[in-house]
Amino acid sequence: MLLTRRKFLLHHFLLTGLLVGLFSSCSLLQKTVVKDYPQNKAFVYDNKITLNGELSKDEKNRLLTSLNNYWDDSLKVRKLQKFGIRYIIKNPAVFDSANIYRSINFMNAYLNSEGYYHASFKDSVKIDTVADKIQASIAMTIDVGKNITIDSVSFTMGDSTLQQLTRETMTATLLKKGAPYNKQRISAELDRLVGYYRNNGYYKFTREDIYTLVDTTDAKLLKLTLDPFVQARLIADAEKARRENPTWNIQVLNRKIEDSSKLKQYHIGRIYYYPETKITDIIDDLPEQGRFKEDVYKDFTMRYKEGKFKYPPLRDHSFMPYGSLYNETNYFKSINSLGRIGAWQQVDAKPIIRNNDTLDIHFFLVPNIKQNYSIELEASLNTADIGIGNLWGLSTNLGYNNKNVWKRAIQSVASLRTGIELNLFNSSSPELLQTFLVSLGHTYVFPKLIVPFKGWKALDKIEDKKTLFGVSGTYVDRRGYYLQKSLVTNWGYEWKKGKNLWIYKPFNLELYKIDTLDGLRELFITNPFLRSSFNSGNVISQTLSLVKNFNNAHNPDKSHYLHIGIEESGALVGLINGVQNNIYRFIKTEAEYRQVVKIKRSVLAYRALLGLGYNYGKDSVQDLTLPVFKQFSAGGPYSMRAWPLRQLGLGSSTLTDSDTSSNSYRDRFGDMRFEANVEYRFPLATIAGVKLATALFADMGNIWSLKPIPLDPSAQFSFSNFTRDLAIGIGTGIRVDFSYFLIRLDWAYRVKDPARQYNNGWMTEFQWFENRPNGLKVNNYALQLGIGLPF
């Protein structure tokens with residue numbers, strides 16, 4: 001008993017060490033190798049900066065990251081990362097102490113630009129002899145002192161209209177009393193003001209026309225005195241005050257402007273579109289050419305030669321109404337919005353001054369290839385438990401895209417998908433073909449919002465507005481278990497506001513018919529809860545989703561992705577008598593967050609997702625779970641990689657493993673899904689232009705039922721059993737990047753399996769296979785073949 005206890009603690013200790021090593025990005029395993037170093041001379045092996053002072057953690061990290069770029073070139077250590085755990089220094093520079101003083105000057109100049117004018121520097125050099133290498137390590141300790149703060153700010157513009165605009169935007173100023181002074185803040189404020197002026201008609205006003213004056217003089221020093229001792233005391237007091245609480249006064253002024261047109265507000269005149277511009281055309285010459293046909297409308301003109309386009313999409317994606325003040329934000333917003341429609345591969349614009357105060361805007365649009373075809377092949381390999389087999393999935397996707405239907409920049413997208421799952425090396429199920437799928441779909445994307453009402457001006461400000469209409473049909477044959485036929489059609493809208501992409505589908509109709517076969521009917525005997533999942537029914541729902549990609553303003557190496565979606569079905573239609581038993585009534589929500597952090601040449605990626613679905617139907621047979629086509633699953637190359645596709649869960653249930661003889665159907669679906677993943681990716685080598693990389697990863701999660709299942713209570717979610725139900729897998733993989741696509745082979749091991757009925761699911765010792773109490777022999781590992789990154 002004591003020996004077993006010690007083994008249990010040992011394995012937990014090893015597992016904890018492995019996970020800590022994974023999440024710390026292998027920093028403890030990194031080794032530095034030096035190549036082609038100078039003989040009999042000290043060379044630069046390492047450098048380090050230590051910052052002292054009253055700094056926040058974020059400010060300290062920001063300054064350290066920037067200061068490391070200000071080492072003199074001869075003191076920089078250029079390390080090349082290999083295999084994620086090894087660094088190579090090649091041809092290191094000979095150490096020269098004179099370069100330390102150059103580095104101090106560079107660093108001090110940078111700190112001055114950040115408002116630290118009283119920094120002190122202390123350097124030290126340590127020289128070690130290792131074998132025949134003389135290694136010099138330079139350490140720099142910097143006491144940054146107090147940051148200069150802003151005492152007062154004033155704005156003086158020579159032009160009365162500019163002065164009035166400045167007063168209007170004072171609340172948004174970046175130069176506030178007590179804020180830290182730095183040149184970036186000053187520069188950002190000047191850019192903000194210039195942008196505000198240009199958004200209010202000052203088309204010719206530029207950054208060169210505005211500047212700041214910084215007053216660092218202590219007013220006490222201006223006091224007249226003939227006593228040298230008093231003057232000396234005033235100087236000493238001023239110096240002490242500058243060090244203890246340094247403050248500066250800032251004045252924003254505009255330069256003397258000789259060109260009066262810079263102080264003129266311009267209005268939007270006519271807008272000209274050239275939708276058939278060639279990539280070889282010189283756009284400066286096009287407005288002067290007279291060989292165009294013209295369609296003249298109220299306030300804009302379309303110039304063309306062949307008539308490939310009509311005007312509505314051009315009008316709907318322009319945000320500069322006739323007669324309005326020139327607005328630079330709307331100018332670039334129009335260019336970007338027209339470019340994202342898809343009908344044009346490139347969009348340029350040129351304002352031309354007319355009548356001294358009017359801007360005519362000329363848009364030059366280079367058409368995209370109107371039609372294109374695509375063929376894609378996807379493959380996935382899931383090594384399953386012994387007795388279940390290995391599923392090899394193959395699918396082909398054929399696509400056709402027309403980017404200019406009816407000459408209105410409407411996109412027509414047609415797709416045909418076929419797929420199969422093959423059962424390899426499965427003695428208990430001789431059927432080679434396990435699943436066959438065929439799907440046909442067609443989608444129209446209209447470059448505007450088609451709504452039943454007009455005059456809502458708020459819609460005019462929306463970017464990238466689209467109306468979506470789609471229809472698709474799918475046939476799935478899960479051999480021996482079920483046949484599924486579906487028809488889906490929907491109508492929806494897509495638009496962008498800032499960094500937020502919204503998709504709303506007010507109408508989504510899904511018709512499903514599922515024919516249960518003998519294999520599934522046999523499963524209903526041992527797994528009755530499956531019966532409520534595999535019912536034919538219809539969905540009449542509406543969906544809303546938000547997608548947001550954003551970067552960290554203080555850390556450009558960190559990017560974020562957020563997706564939130566909600567679907568509701570049957571809230572109103574389900575109240576109609578006679579259709580209640582044929583309409584699923586449920587609400588389903590999903591949220592996913594991703595973060596990618598670049599660390600030199602490697603990447604640390606995180607993902608967390610949560611899905612919940614609740615069926616609130618009361619008067620039908622579909623009142624226990626979500627329909628199977630709306631439920632969640634886990635496992636496979638893009639989810640919990642230590643488990644085969646759709647074979648994790650529910651909770652800590654073992655009911656689906658009860659038949660060990662002939663049951664090859666072990667797909668599992670639930671009403672709730674939680675998953676968290678972390679992956680450390682780093683390159684290995686580049687061979688003939690093909691990049692080889694690898695990764696260390698950990699996956700954690702599971703799926704559950706939200707409603708109680710009398711015959712299988714361990715399948716239901718409960719907070720008390722949450723940690724017990726969590727599955728954990730760790731692993732590594734190889735990634736082959738051909739630039740246009742990436743092939744990935746991952747190997748993952750189950751360190752915690754909720755189906756294990758001992759040690760709370762944790763492994764006690766490493767073993768490739770294990771036998772469950774019911775006699776089932778299962779793999780503790782899985783190989784996953786996928787296309788592209790998992791997240």
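The values are calculated or read from the model by the stated rules, or taken from the named source; none is laboratory data. Not measured: the values here are computed from a predicted model. So basically every Cβ, Gly included, is an ideal-geometry build from the backbone, and we count neighbours across all protein chains shown. Ligands, DNA and RNA are stripped out before the accessible areas are found, and what is left, the full protein with its side chains, is counted by its heavy atoms. Shrake-Rupley method; radii C 1.70, N 1.55, O 1.52, S 1.80 Å.
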Considering every residue within region 701-709, establish whether at least one is without any contact (Cβ under 8 Å) to a residue 40 or more places away in the chain and not in a strand (DSSP E or B). yes
Take the conditions surrounded by fewer than 18 Cβ atoms within 10 Å (Cβ to Cβ) and either in contact (Cβ under 8 Å) with a residue 40 or more places away in the chain or among the β-branched types (Val, Ile, Thr) (or both) and apply them to Ile352. Does it pass? yes
Can you spot a residue in region 109-123 that is in a strand (DSSP E or B) and of a type in the set (Ser, Thr, Tyr)? yes
Tell me the residue from Thr156, Thr149 that is of a type in the set (Ser, Thr, Tyr), open to solvent by less than 70 Å² (accessible area, probe 1.4 Å), touching a Pro at 6+ places or on another chain (Cβ under 9 Å) and farther than 19 Å from Tyr45 by Cβ, please. Thr149
Scan region 496-505 residue by residue and report those that are of a type outside the set (S, T, N, Q), surrounded by fewer than 18 Cβ atoms within 10 Å (Cβ to Cβ) and either touching a Leu at 6+ places or on another chain (Cβ under 9 Å) or not in a strand (DSSP E or B) (or both). Gly498, Lys499, Leu501, Trp502, Ile503, Tyr504
Filtered residues of region 429-483 (kept if among the charged types (D, E, K, R), assigned to a helix (DSSP H, G or I) and under 31 Å from the mean Cα position of the chain (by Cα)): Asp460, Lys461
Could you list, ordered by first residue, the pairs with Cβ atoms under 8 Å in which the first is in region 111-135 and under 16 Å from Leu75 (Cβ atoms) and the second is open to solvent by 80 Å² or more (accessible area, probe 1.4 Å) and of a type in the set (Lys, Arg), at least 6 apart or interchain? Ile134/Lys41
Name the residues in region 718-732 that are among the aliphatic types (A, V, I, L, M), over 12 Å from Ser652 (Cβ atoms) and either touching a helix residue (DSSP H, G or I) at 6+ places or on another chain (Cβ under 8 Å) or open to solvent by 50 Å² or more (accessible area, probe 1.4 Å) (or both), would you? Ile730
Take the conditions closer than 23 Å to Pro312 by Cβ, at pLDDT below 95 and either basic (Lys, Arg) or assigned to a strand (DSSP E or B) (or both) and apply them to Trp491. Does it pass? no
When you go through (1) over 20 Å from Ala591 (Cα atoms); (2) part of a loop (DSSP other than H, G, I, E, B); (3) at pLDDT 90 or above; (4) not polar (S, T, N, Q) one by one for Arg681, which number turns out not to apply? (2)
From the residues in region 529-568 that are modelled with pLDDT of 90 or more and of a type in the set (Gly, Ala, Ser), which one is nearest to the chain's Cα centre (by Cα)? Ser559
Using the structure shown, decide if Asn52 is under 15 Å from Tyr87 (Cβ atoms), among the polar types (S, T, N, Q) and more than 30 Å from the chain's Cα centre (by Cα). no
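Is it the case that Thr277 is surrounded by 14 or more Cβ atoms within 10 Å (Cβ to Cβ), of a type in the set (Val, Ile, Thr), in contact with a helix residue (DSSP H, G or I) (Cβ under 9 Å, 6 or more places away or on another chain) and modelled with pLDDT of 90 or more?
yes
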